[in-house]
Amino acid sequence: MSVTLDDTKRLAIAQKLADMKALQNLLIANEQKLIQACTDQEIRKRLQDFIQDDQKNLGVLDTVMVQYGVKGEPKETTQMLIEQVQKLMEGSELTLYEKVAQHELLKHKQTMSGLLVHKCAQVVGADVMAAIGPLNAVNFDNRAHQEQLKGILEILGTRELTGQEPDQSLWGRVQDAVAALSGVVGSAVTRSDDEMDIRALIRMDHTKVNTLFMQVQGTNDPQKLQEFFGQIYKDLSAHSAAEEQVVYPAVRSYYQDTQELYSEQAEMKQMLEHIKSLNPSSIDNFKANVEQLMRAVQSHVQQEENEMFPKLRDNFSHEQQKRMATEFKSVKSQLQDQMAASKK
């Protein structure tokens, strides 16, 4: 059985996420240029806050893309747009007001892209929803930035056109709008770190693969079985390899059953390869083997979360766990690239 099938809808989402990452880097670069061009201290402060949010959100996008597990490249038109905006931001053809207006349009584009990915995930599969969950934080920040940019545009536009100051109650209205947004979205967007800790990252993997198993159980369509198992195969392969390179060596000194985790993953790899050779058209046999794999994975997950996680919590600082998460994510991304390259 081939496990390299990527549903076209999943590839389209991967490309949209790649577009968002490219635009996120452009947003940060724009804000740095706007700060240099602006003398108003209040506006400079807000732009600096934007940069801090956007740098965090760049890390969130990286996490979402790795958790999603399907790689894409930015569209050629996105690259062209980025080059055009870079020239406008670096040149003198536009006033500061006009440059901020261009930036606000990009924020709107980024917001709509994030919302579109969220809506598409609802259609494509529950596993996609599990993977892109952190994108809510990015979507919220971009909407909040849009509201503040409207205020900045009102100030800059009034000054450029009249030489006068706008209504001083402006920032109060802006803050009310941001507060209203926060009330609508709620705690789903609350986060202070640019990187999850390793336990949160691994738990996301566990949630996603469990969702994929549920999707396998819920269908008798051979093509969907192939699609879902293909993603299980890729996700578990990258996840287990990253754990064995990053997590298990670090925790071995504190958790005496680490070798058992290695052994369990070796058995699961054998099961993955066996299922890979099966024909999903033999539905009962195929699903029975996937169910056996699911039970093994669930037992392994229970051991990690109930026994290994406390060892990570008690013996590694929050910063150490964040650094471990960054390394884990990097290794997973490299492995996903290797798997993608091997099927070309």
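The values are calculated or read from the model by the stated rules, or taken from the named source; none is laboratory data. The shown structure was predicted, so the numbers you read here are calculated from the model rather than taken from an experiment. Reconstructed Cβ throughout: ideal geometry from the backbone, glycine too, with neighbour counts over all protein chains shown. To get the accessible areas, we keep the full protein, side chains included, count just its heavy atoms, and leave off ligands, DNA and RNA. Shrake-Rupley method; radii C 1.70, N 1.55, O 1.52, S 1.80 Å.
Residue 293 meets each of the listed conditions (1) in contact with a helix residue (DSSP H, G or I) (Cβ under 6 Å, 6 or more places away or on another chain); (2) not in a helix (DSSP H, G or I) apart from (2). Is it true that some residue in the stretch 41-50 is aliphatic (A, V, I, L, M), in a helix (DSSP H, G or I) and farther than 17 Å from residue 25 by Cβ? Yes, there is a match, as at least one residue in the stretch 41-50 is aliphatic (A, V, I, L, M), in a helix (DSSP H, G or I) and farther than 17 Å from residue 25 by Cβ.
Which of the residues spanning the stretch 82-118 are charged (D, E, K, R), open to solvent by 40 Å² or more (accessible area, probe 1.4 Å) and under 29 Å from the mean Cα position of the chain (by Cα)?
Initially, the stretch 82-118 is screened for residues charged (D, E, K, R), giving 83, 87, 90, 93, 98-99, 104, 107, 109.
Those left that are additionally open to solvent by 40 Å² or more (accessible area, probe 1.4 Å): 83, 87, 90, 93, 98, 109.
Listed by number, the residues that qualify are 83, 87, 109.
Taking each residue of the stretch 148-163 that is over 16 Å from residue 42 (Cα atoms) and looking for partners that are buried (at least 16 other Cβ atoms within 10 Å of the Cβ) and of a type in the set (Ser, Thr, Tyr) with beta-carbon atoms closer than 9 Å, six or more apart or interchain, yields 160/97; 161/97. The lone criterion from (1) charged (D, E, K, R); (2) buried (at least 16 other Cβ atoms within 10 Å of the Cβ); (3) modelled with pLDDT of 85 or more left unmet by residue 159 is number (2).
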